[in-house]
Amino acid sequence: MKIQSSLLIGGLMVAKSLTLQAYASETSNQSDWTGWRGPDQTNISPDTGLLKSWPKGGPKLLWTYEDAGSGYSSAAIVDGKLYTLGASDSQERVICLDANTGEELWTSEFETDPEEGYRTQWGAGPRSTPTVSDGHVYVLGVAGDIACLTAESGKRIWRKNLVKDFGGAVSKWGYSESPTVDGDKLLITPGGSKGAIVALNKKTGTKLWQSKKLKDAAEYSAVVVANVDGQRQYIQLFMNTLAGVDAANGNLIWKSDWPQGRTAVIPTPIYRDGHVFMTSGYRAGARLVKLNGKKAEVVWENQEMINHHGGVVLVGDHVYGFSDQRKGNLMCIEFMTGKVAWMERVERELHKGAVHAADGMLYCLNETEGWVYLVEASPSGFKETGKFQLPKETTLRDDNNGKVWSHPVVFNGKLYLRDQDLIFCYDVKG
């Protein structure tokens, strides 16, 4: 293992969406990035005062960690510690690093990686991101083990299996959902005839309810928490269904068909003010629905935004993300209308990848060559203000077709990027 490090203390300030403030306050300290898409599920960093442009060659590299193992897990950052998942020697493990220096603090094995039974031509290892809440880390492995460990040392508190305990079935490319915590509940999607979504007591792992009238197979999205006209709901996207269940008991409230969904439905939906935006790849497109009691009415749909797995982010009134349309454009569309504001493709360097937002800027990570672009989050047009390429490429892809699929995170003035076993930390505050 090789670690290169220096220290940076960053500042932060947060401006949360009013719709999700209650959820964020219940799930985490506002100074933490608790897991997938952050504590308010917007994928927008709370940081301010970040660099608006980068020097040639990119921002300063602070440290590199080279022993994360295989997999596509992103980062959770809580109390100055970075949590992620990786697999080595057929064991999936939780990895805890000092977020400022890259020093390894502890690792803990939690599931055997079968390295078969799911499509490993894209590489083995965990696909999900840990969720941290109240001193505990919640993790999901490719074969369906959901576990709770202490954040301090990685000691296991409890473990369940989505197949054996809840009647689920391993997804085609392995379970990939990141666990969602809401208050004392842990939400996860085993899928299957016993009920697609299950709520567990996060402290004990005891089942609280299972959504029996929702029996779709698990896909790859995470559960979204929403307050709709005063009612707490959990929203999930499946292959051909978008659905909302009652947070109190898992009862199905509404269901909307998504007939375009095929092969793999991956991006997590976006909820705002009674509306849900969804998109998926393989020519499926995008759609906005309006929630009205027990109905979900289609507002618009198009074939412009076709996001495979890099995710989308809503900044202001516009959605930004990559689309498979026209060979992989970075695109900006209006949330309420679906109207395309702009689309851009900058040679191969900006072709398809993941998008994260911070301080009015987009951090765009190319999935093939590891290029990172800084782009203004503005509907007025594409404006790139810096770029660089990851300094090193993993060797774990030598025998498979895997790519740079771990989503970027900006937190406390630092940009965290991952390529399988390699984790890079950059100073983006200056």
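Taking only the alpha carbons of the range 310-430, we obtain Rg and Dmax values of 14.2, 44 Å in that order.
Principal axis extents of the C-alpha atoms in the range 341-411 (largest first, rounded to whole Å): 43, 28, 17. Segment Thr368..Lys294, full-extension length gain: 22.4 nm, with 0.36 nm per residue of separation and the alpha-carbon distance subtracted. Where q = 0.25 Å⁻¹, what log10 of I(q)/I(0) comes from the Debye formula for the range 203-287, counting one point per Cα? Rounded to two decimals, the profile gives -1.29. Seen from all directions on average, the chain presents a Cα convex hull projection of 17.4 nm². In order along the range 266-274, phi translates into HN-Hα couplings of 10, x, 6, x, 10, 10, 8, 6, x Hz, rounded to whole numbers, per the Karplus curve 6.51 cos²θ - 1.76 cosθ + 1.60 with θ = phi - 60° and x for Gly and Pro. Taking amide H as placed 1.01 Å from N in the peptide plane, the amide H of Lys81 sits under 5 Å from that of Ala99, each at least 5 places away or on another chain. 3J(HN,Hα) along the range 298-310: 6, 8, 7, 8, 8, 10, 8, 8, 10, 8, 6, 8, x Hz, from the Karplus curve 6.51 cos²θ - 1.76 cosθ + 1.60 with θ = phi - 60°, whole Hz, x for Gly and Pro.
Contour minus end-to-end for Glu66 and Lys215, with contour as 0.36 nm per residue of separation and end-to-end as the Cα-Cα distance?
Numbers: separation 149, 0.36 × 149 = 53.64 nm, distance 4.07 nm.
Here the segment from Glu66 to Lys215 would lengthen by 49.6 nm.
Size descriptors for the range 237-332: radius of gyration and Dmax over Cα atoms are 13.2, 43 Å. Under the combined filter of DSSP loop state and at most 14 neighbouring Cβ atoms within 10 Å, the range 252-352 retains these GluC sites (Glu not before Pro): Glu347. Under 5 Å from the amide H of Gly386 lie the amide H atoms of Trp54, Leu374, each residue being 5 or more positions distant or on a separate chain, with H modelled from the backbone and absent for Pro and chain starts. Surface composition of the chain: carbon and sulfur make up 47 percent of the accessible area, probe 1.4 Å. Spin-label model, Arg283/Glu393: points 7 Å from Cα along the beta carbon direction are separated by 3.1 nm. Here is the P(r) of the range 73-163: all C-alpha pair distances, binned every 5 Å from 0, give 3, 15, 27, 25, 16, 9, 4, 0 in whole percents.
Just flag the trypsin sites (Lys or Arg not before Pro) in the range 365-403 sitting in loop per DSSP whose Cβ has no more than 16 other Cβ atoms within 10 Å.
Details: sites: Lys383, Lys387, Lys392, Arg397, Lys403; in loops: Lys383, Lys392, Arg397, Lys403.
Answer by residue number: Lys383, Lys392, Arg397.
For the range 266-307, the residues whose backbone nitrogen is under 20 Å from a point 7 Å from the Cα of Gln121, taken along Cα to Cβ, are 266, 281-283.
Go ahead and run the numbers for FRET between Glu104 and Asp134, Cβ-Cβ distance against an R0 of 22 Å, rounding to 0.05.
Computed FRET efficiency for Glu104 and Asp134: 0.40.
Which shape class, rounded, prolate or oblate, goes with the range 294-334 when its Cα gyration tensor gives a ≥ b ≥ c as root eigenvalues, a/c under 1.5 marks rounded, and past that a/b bigger than b/c marks prolate? Spell out each step's value before the answer.
Working: a/c = 2.09, a/b = 1.54, b/c = 1.36.
Here the range 294-334 falls in the prolate category.
The slack in the chain from Lys194 to Lys207, taken as 0.36 nm per residue of separation less the alpha-carbon distance, amounts to 3.4 nm. Here the sum of -39500 (n - 2.57) over DSSP H runs of 4 or more residues, divided by the residues of the chain, equals -500 deg cm²/dmol at 222 nm, to the nearest 500. The phi torsions of the range 181-187, fed into the Karplus equation with coefficients 6.51, -1.76 and 1.60 and a -60° offset, translate into couplings of 10, 9, x, 8, 9, 10, 9 Hz, rounded to whole numbers, with Gly and Pro shown as x. Tell me, what is the FRET efficiency for Gln303 and Asp79 to the nearest 0.05, using R0 = 41 angstrom and their Cβ-Cβ distance as r? Given R0 = 41 Å and the Cβ-Cβ separation, E is 0.40.
Please calculate how many Å² of accessible area the chain carries per residue, with a 1.4 Å probe and no DNA, RNA or ligand atoms counted.
Values: 15850 Å² over 430 residues.
Accessible area per residue: 37 Å².
Annotation: amide H of Gly86 within the under-5 Å range of Arg93, Ile95, sequence separation 5 or more or interchain, hydrogens built in the peptide plane.
The values are calculated or read from the model by the stated rules, or taken from the named source; none is laboratory data. Everything numeric here is computed off the predicted structure, so don't read it as measured data. All Cβ positions, glycine included, derive from the backbone under ideal geometry; neighbour counts span all protein chains shown. Side chains included, ligands, DNA and RNA excluded: accessible areas come from the protein's heavy atoms. Shrake-Rupley method; radii C 1.70, N 1.55, O 1.52, S 1.80 Å.
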